[in-house]
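A short write-up of the structure that comes next.
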Amino acid sequence: MSPLTPAPPPEVYASGHAALPYPFPAPLPPLPAALPGPPGVQPLRPGLWLVPTDTHRDSAARYAPFVLDAAELARAEEFRRPADRATYLCAHVGLRRLLGAHLGVAPRAVVVERAPCPCCGGPHGRPVLADGGPHFSLSHCEGLSLIAVAATPVGVDIERVPAPHLVTEAAEVLHPAESAELAALDGALRPAAFARVWTRKEAYLKGLGVGLGADPASTYVGAGPVPPPPPPPRSTRKFLPAAPGNTASDPPTSAEPI
């Protein structure tokens with residue numbers, strides 16, 4: 001199996017469409033391992049890759065000055081905790097390697113810019129490739145990153161499953177039906193269900209290009225093991241600003257692509 005060949009797919013959301021097959025995340029090999037370039041990488045086939053910080057920490061730190069641009073290197077230096085800096089470096093080095101492999105260029109040559117925000121038109125929308133190419137999404141939490149590459153807009157999110165006492169507080173920002181679904185569960189099952197609905201929701205909103213600039217309570221994505229059909233497309237101008245979501249710190253991890 002190729003290092004970029006993902007495992008068999010589960011069902012997930014795709015923005016504006018019914019649930020589509022999507023691969024399970026495959027581990028991204030650390031540098032200096034080479035990734036196959038075109039035609040070995042097929043951007044028309046959605047792909048997911050996991051980047052564990054412990055596996056990539058040393059190689060990402062060593063190669064970051066030759067892979068990342070000046071803004072990314074400056075952003076990395078802003079992290080106060082070494083663990084957060086390491087995860088950021090691993091995530092962004094991994095993303096550039098994957099995009100470079102898809103484009104057939106060196107990772108440092110990949111140019112990423114921001115699309116216009118669909119809510120206000122400002123220059124802070126989803127990250128996109130300057131010259132076109134595959135769509136992508138990146139998410140990371142402490143110790144682990146998740147990257148998606150696809151032919152159409154895509155979103156991923158990865159979070160630590162929250163402690164039980166945080167679920168009640170955070171459930172207030174969910175759709176009323178999702179809050180009711182959580183409340184109906186046994187208390188021991190709620191943290192995992194909340195992590196499932198939150199990662200699913202944030203991934204869906206990232207796929208739309210609005211992220212948490214949209215009200216998380218305005219869209220129903222469900223807290224069950226299998227997501228419902230995605231909401232019908234609608235104007236993003238109906239979205240309202242929302243407070244940032246809660247991110248907890250207790251393991252294990254839940255990840256939901258769209």
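The values are calculated or read from the model by the stated rules, or taken from the named source; none is laboratory data. Please read these numbers as outputs of a predicted model, since none were measured by experiment. Cβ coordinates were reconstructed from backbone atoms using ideal geometry, including for glycine residues, and neighbour counts include every protein chain displayed. Side chains included, ligands, DNA and RNA excluded: accessible areas come from the protein's heavy atoms. Shrake-Rupley method; radii C 1.70, N 1.55, O 1.52, S 1.80 Å.
Among residues of the stretch 175-189 that are outside any helix (DSSP H, G or I), those with a beta-carbon under 9 Å from a residue that is among the basic types (Lys, Arg) and open to solvent by less than 60 Å² (accessible area, probe 1.4 Å) at least six positions away or on a different chain give the pairs His175/Lys201. Test Ile147 against the criterion of being at pLDDT 90 or above, under 23 Å from Thr219 (Cα atoms), open to solvent by less than 60 Å² (accessible area, probe 1.4 Å) and of a type in the set (A, V, I, L, M), and give yes or no. No; evaluated as a whole, the condition is false for this residue.
Pairs are defined by a Cβ separation below 9 Å, a sequence spacing of at least 6 or placement on different chains, a first member in the stretch 193-212 that is under 13 Å from Val154 (Cα atoms) and among the basic types (Lys, Arg), and a second member that is open to solvent by 10 Å² or more (accessible area, probe 1.4 Å) and assigned to a helix (DSSP H, G or I); the pairs so defined are Lys206/Leu212.
Listed here are the residues, each with its yes/no results for (1) open to solvent by 30 Å² or more (accessible area, probe 1.4 Å); (2) in a helix (DSSP H, G or I).
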{"residue": "Leu95", "(1), (2)": "no, yes"}
{"residue": "Ala101", "(1), (2)": "no, yes"}
{"residue": "Cys119", "(1), (2)": "yes, no"}
{"residue": "Gly122", "(1), (2)": "no, no"}
{"residue": "Val167", "(1), (2)": "no, yes"}
{"residue": "Ala170", "(1), (2)": "no, yes"}
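Count of the stretch 124-148 residues, restricted to those that are in a loop (DSSP other than H, G, I, E, B), touching a residue at least 12 places away in the same chain (Cβ under 8 Å) and farther than 16 Å from Leu68 by Cα, is 7. The residues listed here are Lys201, Lys206; of these, the one that is buried (at least 23 other Cβ atoms within 10 Å of the Cβ), closer than 30 Å to Ala109 by Cα and among the charged types (D, E, K, R) is Lys206. Residue-level analysis places Leu212 among those that are open to solvent by 20 Å² or more (accessible area, probe 1.4 Å), within 22 Å of Pro118 (Cα to Cα) and in a helix (DSSP H, G or I).
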